[in-house]
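Novice: One structure is given below, represented as C-alpha cells, and several questions about it will come after.
Just so you know, all these numbers are worked out from the coordinates, no wet-lab data involved. Bear in mind the structure is a predicted one, so any value in this text is a computation, not a measurement. Virtual Cβ from ideal backbone geometry, glycine too; neighbours counted across all protein chains shown.
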Amino acid sequence: MKYDFDRLTDRKGTGSLKWDVPDRELPMWVADMDFETAPEIIEVLKKRVGHGIFGYSVVTPDWYEAYGSWWSRRHRLEMAREWLIFCPGVVPAISSIVRKLTTVGENVLVQTPVYNIFFNSIRNNGRHILESPLVYDGENYTVDFADLEEKLSDPQTTLMLLCNPHNPVGKIWDRETLARIGEFCARHHVLVLSDEIHCDLTDPGHDYIPFASVSEVCRDNSVTCFAPTKTFNIAGLQTAAVMVPNPVIRHKVDRGLNTDEVAEPNAFAVSAAVAAFREGEAWLEELRVYLYENKQCVRRFIAEKLPGVKVVPSHATYLLWLDCSGVTADAGELAEFIRRDSGLYLTEGEEYGACGRRFIRLNAACPRERLLEGLERLESSIKKYREEQGK
C-alpha cells in the first residue's frame, strides 16, 4: 500500500472528542477514524495556512465542480450546480431543515435502530419522533413496509429521515427498497431527508445508491445531505453540502440555513473538500480495503472466541453492530461493565432506539494493532461478565 494505515498516531491532548478519556481507556465508540487524513489534503491545508490570512470565506466555483464530478463519476448521480448549498455539517443542516420544513408537534419518521443524533434534531425542535422499526430476523435488517406506509399515511407525519447507507446496521439500501420508500412518501406528502454521509465508506465491490438517483419521484421529493468528512476523517473542518433538486424546496432550505447562520464556510472548509474530492481518491480506495480487512478481522475473532456474540452482516461504514443477545438481554449494562473492567469504550445499542437494547456498536476504523487490543479487551471482559452472571 502507498498509504500507511498501521501508524499509531497519538491523539491524546489534541482536544479530541473520541480520545478525551481516562488514560486506561481505549475508545471505539464515536464515528471518528484514527487514521491521518490523505496527505494530499494535508498539503493543501498547509498551503492555505502558509498564506497567513484567514478572513471571511465564500464558496468558490471549484467546490461545486468537485462535488458534481465526484458524484457523477463514483455514484452515477448527475447534479446541477444550483442544487447544491454549502453548510458546515450534516447535523446542523438536518436540524435546520426540521425547523424550516415541519412545524411544532408534527411527526418526523425514523427507521430504528438509527443514528442517535436524529432523535436530538427532532426532539430539540419540538417535533414528535415516530419510529418505524426495521425488521431483524437474527441475521439481517429489512424495511417493514406495511408499518412504514401506515405511519407515513398519518397526516401529522410530514418528514422522513432516511439513513443511506444505514448507521448503525451498515446496510446499503437497494434500488427497489429506496424506490418503494420514495413512492410511499410522495403518495402521503412526506418529504424525504436523506443522510448519506457514510456513502463512500462501502466494502470493495459494493456501491451505495443515492436516493435522488432512483427516480424522478425520489429526486423531486427529497433533500440530501452529504460531506467528505466521514470519508476522509476531517469532521473538525466543518464542511458539508445539502443537495435539493426541487427549486421550491431548495428555496425553503436555503432560507432556513441562512436564518440559522449555518450557510457560510470557514477558511479551510472549501479547500479541504475540493482537495478531498480531487486528490483523495487513491487514498480512499486503499482505506476501503483496509477497513474491509479490519471488519473481517472482527468477524473472525468474535466467531472464534466469543460465543453468544454475533456480528450483523453489513457492507457499509466502519461501524459494526454486535448482537449480544446470546450473552445478555441488556447490552447497555454489558457495555458499562466492559468499560469499567477493561477500559474498552463502546456504544450501547439502546442509544439508537429501544430495539437496539441487545446490541453494541463497535468502531473498527483504527490501526490493526489497536483493533486487536480492543478485541482482546472485549473477550476478557465478556468472559468475566458471563462468569459473574453465572453463564
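Novice: Roughly how many nanometres apart are two label points built 7 Å out from the Cα toward the Cβ at Asn124 and Asp4?
Specialist: About 3.9 nm separates the two model spin labels.
Novice: What is the Cα centroid distance between segment 227-279 and segment 36-88, reported in whole angstrom?
Specialist: 9
Novice: Next up: Using θ = phi - 60° and the Karplus curve 6.51 cos²θ - 1.76 cosθ + 1.60, what whole-Hz ³J(HN,Hα) does each residue of segment 293-300 get, with Gly and Pro shown as x?
Specialist: Values, residue by residue: 5, 4, 5, 5, 4, 4, 4, 5 Hz.
Novice: Rounded, prolate or oblate, given the Cα gyration tensor of segment 184-254, with a/c below 1.5 counting as rounded?
Specialist: Oblate, because a/c is 1.5 or more while a/b does not exceed b/c.
Novice: Can you compute the helix-only [θ] at 222 nm over the chain? Use -39500 (n - 2.57) per DSSP H run of at least 4 residues, normalise by all residues, nearest 500 deg cm²/dmol. Can you show the working numbers first?
Specialist: Details: 13 runs with 160 residues, N = 391.
After summing the helix terms and dividing by residue count, I get -13000 deg cm²/dmol.
Novice: Kindly provide the GluC sites (Glu not before Pro) of segment 107-163 that DSSP labels as loop, not H, G, I, E or B, and whose Cβ sees at most 14 other Cβ atoms within 10 Å.
Specialist: Numbers: sites: Glu131, Glu139, Glu149, Glu150; in loops: Glu139.
Those satisfying the criteria are Glu139.
Novice: Between Gln389 and Tyr56, what FRET efficiency comes out of the Förster formula 1/(1 + (r/R0)^6) with R0 = 56 Å and r the beta carbon distance, rounded to 0.05?
Specialist: On the way: r = 58 Å, r/R0 = 1.04.
Taking R0 as 56 Å, the efficiency between Tyr56 and Gln389 is 0.45.
Novice: Can you list the chymotrypsin sites (Phe, Trp or Tyr not before Pro) in segment 30-138 that are in a DSSP coil and have 12 or fewer other beta carbons within 10 angstrom?
Specialist: Working: sites: Phe35, Phe54, Tyr56, Trp63, Tyr64, Tyr67, Trp70, Trp71, Trp83, Phe86, Tyr115, Phe118, Phe119, Tyr136; in loops: Phe35, Phe54, Tyr56, Tyr115.
Of the chymotrypsin sites (Phe, Trp or Tyr not before Pro), the ones in loops of segment 30-138 whose Cβ has at most 12 other Cβ atoms within 10 Å are Phe54, Tyr56.
Novice: Also, I was wondering about something else. Step by step: find N for segment 304-391, compute 2.2 N^0.38 Å, then divide the Cα radius of gyration by it. What's the final number?
Specialist: Values: Rg = 12.2 Å, N = 88, 2.2 N^0.38 = 12.1 Å.
Working it through for segment 304-391, the quotient is 1.01.
Novice: If I stretch the segment between Glu281 and Val248 completely, what's the gain in nm (0.36 nm per residue apart, minus their alpha carbon distance), one decimal?
Specialist: On the way: separation 33, 0.36 × 33 = 11.88 nm, distance 3.40 nm.
Result: 8.5 nm gained on full extension.
Novice: Largest first, please: the extent of the C-alpha atoms of segment 250-357 along each principal axis, to the nearest Å.
Specialist: Here the Cα extents, ordered largest to smallest, are 51, 35, 27 Å.
Novice: FRET efficiency for Asp137 and Arg175, Cβ-Cβ distance as r, R0 = 22 Å, nearest 0.05? Please list the in-between numbers first.
Specialist: On the way: r = 21 Å, r/R0 = 0.97.
Plugging the Cβ-Cβ distance into 1/(1 + (r/R0)^6) gives 0.55.
Novice: Of the trypsin sites (Lys or Arg not before Pro) in segment 17-101, which ones lie in a loop per DSSP and count no more than 10 other C-beta atoms within 10 Å? Working shown, then result.
Specialist: Details: sites: Lys18, Arg24, Lys46, Lys47, Arg48, Arg73, Arg74, Arg76, Arg81, Arg99, Lys100; in loops: Lys18, Arg24, Arg76.
Listed in order of number, the matching sites are Arg24.
Novice: State, in angstrom, two size descriptors of the chain derived from its alpha carbons: Rg to one decimal place and Dmax to the nearest whole number.
Specialist: 20.8, 64
Novice: Report the relative contact order of the chain, percent, no decimals, based on alpha-carbon pairs under 8 angstrom and at least 6 residues apart. Each step should come with its number before you reach the end.
Specialist: Details: 723 pairs, mean separation 91.4, N = 391.
Relative contact order comes out at 23 percent.
Novice: Then there is this: Estimate the FRET efficiency between Asp154 and Val217 by the formula 1/(1 + (r/R0)^6), using the beta-carbon distance for r and 25 Å for R0, to the nearest 0.05. Mind showing how you got there, number by number?
Specialist: Working: r = 20 Å, r/R0 = 0.81.
Calculated value: 0.80.
Novice: Spelling out what I want: for every residue of segment 50-60, take phi, set θ = phi - 60°, compute 6.51 cos²θ - 1.76 cosθ + 1.60 (Karplus), and round to whole Hz; glycine and proline get x.
Specialist: Once rounded to whole Hz, the list reads x, 5, x, 10, 10, x, 4, 10, 10, 7, 8.
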